[in-house]
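Data first, discussion second: the structure below is written as structure tokens.
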Amino acid sequence: ARVEFTAALAENRNDPESIIYRNNAEIAAVESYAIAVILPIGSAVNPAQELMRGVAQAQTDINDAGGINGTPLKVLLIDDKDDVETAKAIANALVSTPDILGVVGHFSSGTTLAVSEIYEAGELPMVSPTSTAVKIADAGDYIFRTVPSDRLAAATLSRYVLNELQQTQA
């Protein structure tokens, strides 16, 4: 598999999916840490590709540096199509998989909120890089996001609109 993914990368060196799968193949059966990355591959290809680029870079950097305390990182890529029911089934399966140490995803706030109870109950950390709903802050001790909430965006937009109105009236 490693040879085939390396060949695929020779044709398209920036394909993040091939990078991740090649990295996983290089680890092979060696003891490793595993995370799941949940993406909307079936419904939002471009955002999914960009998220995979970041994951591929992080996995490569971690493994090239010798892993985490000497243990390499495997990444499972899973398509939930940004569909709530599909995401719930995936979350239930991941919570029941002891080898998975954490989840990166889900894409939209609606899907993230729909699965947060499952991850929280299963004590499986989830970090969403794209969900902005204010309610995510209260979803539990195992639920995180990396982007500001809609509250901050709304406050910024309100200040901008107010400033524009004041300049127009002046």
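The values are calculated or read from the model by the stated rules, or taken from the named source; none is laboratory data. Note that the coordinates shown come from a computational prediction; the quantities given were computed from them, not determined experimentally. Glycine also receives a Cβ, built like all others from the backbone with ideal geometry; neighbour counts cover every protein chain displayed. We work out accessible area using only protein heavy atoms, side chains counted, and drop any ligands, DNA or RNA first. Shrake-Rupley method; radii C 1.70, N 1.55, O 1.52, S 1.80 Å.
Contact annotation: residue pairs with Cβ atoms under 6 Å, 6 or more positions apart or on different chains, pairing a residue in the range 96-111 that is of a type in the set (Val, Ile, Thr) with a partner that is part of a strand (DSSP E or B), are 100/34; 100/36; 103/36; 103/126; 104/37; 104/127.
Kindly indicate whether residue 130 is modelled with pLDDT under 95, surrounded by 15 or more Cβ atoms within 10 Å (Cβ to Cβ) and not small (Gly, Ala, Ser). Criteria met by residue 130. Please find, within the range 88-121, the residue that is nearest to residue 31 (Cα to Cα) out of those that are open to solvent by 30 Å² or more (accessible area, probe 1.4 Å) and in contact with a Phe, Trp or Tyr (Cβ under 8 Å, 6 or more places away or on another chain). Once the filter is applied, the top-ranked residue is 101. Looking across the range 56-87, not a single residue is surrounded by fewer than 16 Cβ atoms within 10 Å (Cβ to Cβ), touching a strand residue (DSSP E or B) at 6+ places or on another chain (Cβ under 7 Å) and assigned to a loop (DSSP other than H, G, I, E, B).
Yes or no: residue 75 hydrophobic (A, V, I, L, M, F, W, C) and within 23 Å of residue 43 (Cα to Cα)? Criteria met by residue 75.
Note on the range 29-52: residues that are in a loop (DSSP other than H, G, I, E, B) and either free of Cβ contacts under 8 Å to residues at least 12 places away in the same chain or under 21 Å from residue 102 (Cβ atoms) (or both) total 6.
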